[in-house]
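Below you'll find the structure, written out as structure tokens, and then a few comments.
Read the figures in this text as sums done on the coordinates, not as results from a lab. Predicted model, so just to flag it, every value in this text is computed and none were measured. As a convention, Cβ positions derive from the backbone with ideal geometry for all residues, glycine included, and neighbour counts pool all protein chains shown.
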Amino acid sequence: MKKKQIAILGSTGSIGTQALQVIEEHPDLYEAYALTANNQAELLAEQARKFMPAAVVIANESKYAQLKELLADLPIQVYAGADALCEIVEAKPIDVVLASMVGYAGLRPTMNAIKAGKAIALANKETLVVAGELINALAQQYHTPILPVDSEHSAIFQCLEMNNPLEKVILTASGGPFRTFTKEQLQYVTKEQALKHPNWDMGAKITIDSATMMNKGFEVIEAKWLFGVRPDQIEVVVHPQSVIHSMVQYEDGAVKAQLGVPDMRLPIQYAFSYPQRIKASFDRLDFSQMKTLTFEQPDTDRFRCLALAYEALNRGGNMACIVNAANEVVVSAFLHDRISFLHMSEVIEQTMGKVTFIQTPSYEDYVATDAEARRVALDLIK
């Protein structure tokens, strides 16, 4: 049987390193064809030595010489720069592109991979948040499957039934580390506190997004594009134990849920193996250890970001692109101690009101919107 050739965009990040564990566990099924990173040349070289891909790409061109030298004794092609990222995904042998780069930077390479007819295992939230309409149109035009890797969307995907329309999808949220904090307490939380997620081990940006609940807001927007549902068919429920990853409600009132341990390798592996399920060594749920599963409504007064995401979804056009760009700016500022926790949502909301709104944006419009929103958000922080 021919091994599936996999390109990992963002192999040094949280999703990328876990995807390599999945490949390592199934060397008879999968092979890493290309690995890419933004800045971490040493880790990328280490991964390349272990998995021997045909090519590696470092987005930061200033790291090219270092990477080239680290791999000088190996027959691995070494490339650098944003254009190289977009070109590598078009390589003929690639079957699946795992889009796990962080942020807006993942959009263009994902678009190129779709145009090249590659199956997309989508872990980069921002791609669909920024340009869901565009991505969906491209995927239909090039008959390219988009397989969700986000645990919540993977859960919904696993609960879908052929020919049975959904009544609604129910996204579960852990509530993050500040679920029980009052608004007064939230004023003084630090990045160190925000980076301690109770259930999931993730990269810095998504961990902050989880603390503000913007992460869940982005997942609401993604759900619209992935599953063709209206905003009023997408519900968010806070479920602190993170055992139920999400649910689907059908027209007869039946609810299907997907449960599992909070381990990202499960949705990654399912995206690689779909429609089959294959043996895995991950931990299993132990129901004897589970005393209670609880559910509560999210509080959009304390966690404004979730409400702003719904607002962007209802407005449509380039509004979600504006929210994403402003969010990337405020998260970076928060991680550099330049803005308080509650001030983040205020800056995003103000940016939404200041940036040019476009009802039916083209790709070029998204690029311009992203740049404008970043400028506006940065000015608001100063």
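Sparsely packed loop sites in segment 62-167 (the GluC sites (Glu not before Pro) outside DSSP H, G, I, E and B with at most 12 other Cβ atoms within 10 Å) comprise 161. One Cα centroid belongs to segment 91-161, the other to segment 208-226; the line between them spans 16 Å. Taking a straight line from the alpha carbon of residue 4, these aspartates and glutamates sit under 20 Å away, with near neighbours fewer than eight places off in the same chain left out: 24, 25, 28, 31, 87, 90, 95. For segment 193-299, applying the loop criterion from DSSP together with a ceiling of 14 other beta carbons within 10 Å to the GluC sites (Glu not before Pro) yields 251.
Among the trypsin sites (Lys or Arg not before Pro) found in segment 187-269, those both in a DSSP coil and sparsely packed, with 16 or fewer other Cβ atoms within 10 Å of their Cβ, are 196. Electrostatic tally near residue 169: other residues with Cβ closer than 15 Å to its Cβ, Lys and Arg +1, Asp and Glu -1, net -4.
Helix content alone sets the calculated 222 nm mean residue ellipticity of the chain: runs of n ≥ 4 DSSP H residues at -39500 (n - 2.57) each, divided across all residues, give -13500 deg cm²/dmol.
Run the reach check for residue 63 against lysines, Cα to Cα strictly under 22 Å, same-chain hits fewer than 8 apart removed. What comes back? Straight-line reach from residue 63, under 22 Å: 50. The aspartates and glutamates whose alpha-carbon is closer than 16 Å to the alpha-carbon of residue 191, local same-chain residues fewer than 8 away aside, are 201, 209, 328, 337. Across the chain, the relative contact order, built from alpha-carbon pairs under 8 Å that are at least six residues apart, equals 14 percent.
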